[in-house]
Amino acid sequence: MANLCIIGTGYVGLVTGACFAKLENNVICVDCDEKKIALLNQGKLPFYEEGLEEVIFEAKANQKIVFSTDLKKAVESSDIVFICVGTPQRPDGSADTSFVLEVADKIGQFQNGPLSVVIKSTAPIEAIEQVKQTISVNSNHPFEIVSNPEFLAQGTAVRDFLKPDRVVIGSKTKEGAESIKNLYTGFDCPIIITDIASAILTKYASNSFLATKISFINEVANLCEKVGANINDVAKGMGLDRRIGPLFLKAGIGFGGSCFPKDSKAMVDMANGAGSDFKILNSVIEVNERQKKVIIDKLKKHLGDLANKKVAFLGVAFKPGTEDTREAPSVIIANKLIEEGCQISAYDPLVKDISLLNGCKVDLASVPYKAIENADAVVVITEYKDFCDLDFSHIKSIMKQPLIIDGRNILDSAQLSKLGFTYEGIGL
Ligand code: UGA
């Protein structure tokens, strides 16, 4: 069992730390945000993630995890340090690695013996050399840099960590890779050992390929509407081909979140920097941006001028099971509708705090019916299955006009039409 220091207590760091602690390692999770650490020490999580609270509770009870702001002490008492800090998008689309380098600088100052430094943050290839140089400025001790990209999806992150499809480890030396591979002893999945650049590209290419699947199916959905086909049947027929597979073929209002939009742009930037023109990925990004406009067009088709209309959103987060609204289609669509003079109300089972919406002026309701009252249209934004169980007869009675735009194709169109709703999905 290893002594691990996990730097950064965001989704990636906290899930990684908690799960490694569950696997009996001694884990110190460090963050410079004192409020976050105080919260964690009180047994509270800074965000919702299914199953994470239980894993942390158990690890704490077994004295396998502690939370601290003291990076010096954490680095000094660890054999392996995981860098799990954010790499936000710069205005030009490239990944901002300044947090990673700040951490590297501190690691160099505090290192007091041999160390493995593992980059879990999604950072471009050149960041590795920068991390190496930054640590070397202050440290005379030997250290090994390893890339071990994360493939955790929000909402299923704990399961994704403990039962992954694969683990990827990139290292310059066999020994460097082996020390990290040992942490995954007993995992029932392929462990790919490769060089650092290949490990990093595996991560970027995986996210970009999944984003490509989504933009592709959204383009097919838009074509379906023009030629009278049904995207649900088309996607089903495609997905049954084992070479294609059924996942990530759900048409909708486009992908959001802290990963796909950022990583696809960073991969384009990486390609540009290497003199390679990544045409497909540029189109994937463009299609995704355009897809959000589909909702506005559909609303205009039915409501005409949108000024003074009330539109109710079902769902706000970029996907179910999280309160995360980063790059969420909801915020982008709401801002455009507000520009047109619309009033937006919304209900989301997890998004309860208006500050999560980055200044976007949406009225958050505590129950769906409150958001829908007097609305001219309901728009399904997030693919929560529970929305299918709402009382649509009641909904019809409280709306100004019975119009539903289903941005995720989850509702029963036949039932809604029977109830007298005008229903529009995506690609139906
Ligand atoms: C994504 C990847 O799925 C993870 O493997 C990866 O580790 C993570 O990014 C990361 O880099 O940290 P995440 O952003 O949590 O995970 O969410 P996804 O479940 O991949 O969904 C992303 C977006 O695509 C959501 O807005 C979702 O609504 C949309 N989506 C997904 C579709 O529009 N259609 C689909 O068929 C699937």
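Computed from the coordinates by the stated procedures, all read-outs in this text should not be read as laboratory data. Please read all numbers here as calculations on a predicted model, not as lab measurements. All Cβ positions, glycine included, derive from the backbone under ideal geometry; neighbour counts span all protein chains shown.
3J(HN,Hα) along segment 171-181, derived from phi through the Karplus expression 6.51 cos²θ - 1.76 cosθ + 1.60 where θ = phi - 60°, amounts to 8, 6, 10, 5, 5, x, 5, 4, 5, 7, 4 Hz, with x in place of Gly and Pro.
Dipole of segment 39-113 computed with +1 at Lys/Arg Cβ and -1 at Asp/Glu Cβ about the Cα centre; of SER77, SER94, GLY43, farthest Cα towards the positive end is SER77. If you wrap segment 3-194 in the convex hull of its Cα atoms and look at it from every side, the mean projected area works out to 10.4 nm². Note on the chain: with charges restricted to the Cβ of Lys and Arg (+1) and Asp and Glu (-1), its dipole about the Cα centre is near 660 debye.
Annotation: amide H of THR194 within the under-5 Å range of ILE169, GLY170, SER171, sequence separation 5 or more or interchain, hydrogens built in the peptide plane. For the chain, averaging the sequence separation of C-alpha pairs within contact (under 8 Å, six or more residues apart) and dividing by the residue count gives a relative contact order of 11 percent. When every Cα-Cα distance of segment 292-424 is counted in 10 angstrom steps from zero, the calculated P(r) takes the values 13, 50, 33, 3 percent. Global dimensions of segment 186-298 from alpha-carbon coordinates: Rg and Dmax equal 16.2, 52 Å. Here's the picture: charge each Lys and Arg Cβ at +1 and each Asp and Glu Cβ at -1 in segment 203-290, and of LEU247, PHE209, GLY257 the one pushed furthest to the positive end of that dipole is LEU247.
Compactness check for segment 102-248: Cα Rg over 2.2 N^0.38 Å is 1.38. The HN-Hα couplings worked out from phi for segment 270-281 by the Karplus form 6.51 cos²θ - 1.76 cosθ + 1.60 (θ = phi - 60°) are 4, 5, 4, x, 8, x, 10, 8, 8, 4, 4, 5 Hz, whole numbers, x standing for Gly and Pro.
For segment 3-194, a simple Cβ point-charge model (Lys and Arg +1, Asp and Glu -1, everything else neutral) yields a dipole of about 200 debye relative to the Cα centre. For segment 292-424, the dipole from Cβ point charges (+1 on Lys and Arg, -1 on Asp and Glu) about the Cα centre works out to 300 debye, to the nearest 20. Translational diffusion of the chain was estimated from the Stokes-Einstein equation, with Rh taken as the Kirkwood radius over Cα pairs; at 4 °C and 1.567 mPa s the coefficient is 56 µm²/s.
Centroid-to-centroid, using Cα positions, segment 80-132 and segment 375-426 are 46 Å apart. Classify segment 322-380 as rounded, prolate or oblate from the Cα gyration tensor: take a ≥ b ≥ c as the square roots of its eigenvalues, call it rounded if a/c is under 1.5, otherwise prolate when a/b beats b/c and oblate if not. Verdict is oblate for segment 322-380.
Reported to the nearest whole Å, the Cα centre-to-centre distance from segment 354-372 to segment 234-268 is 28.
One equal scatterer on each Cα of segment 282-335, no solvent, Debye formula: the resulting log10 I(q)/I(0) at q = 0.17, 0.27, 0.28, 0.29 Å⁻¹ is -0.64, -1.13, -1.16, -1.18.
The calculated pair-distance distribution of segment 244-306 uses every alpha carbon pair, bins of 5 angstrom beginning at 0, and gives 4, 15, 18, 19, 17, 12, 8, 5, 2, 1 percent.
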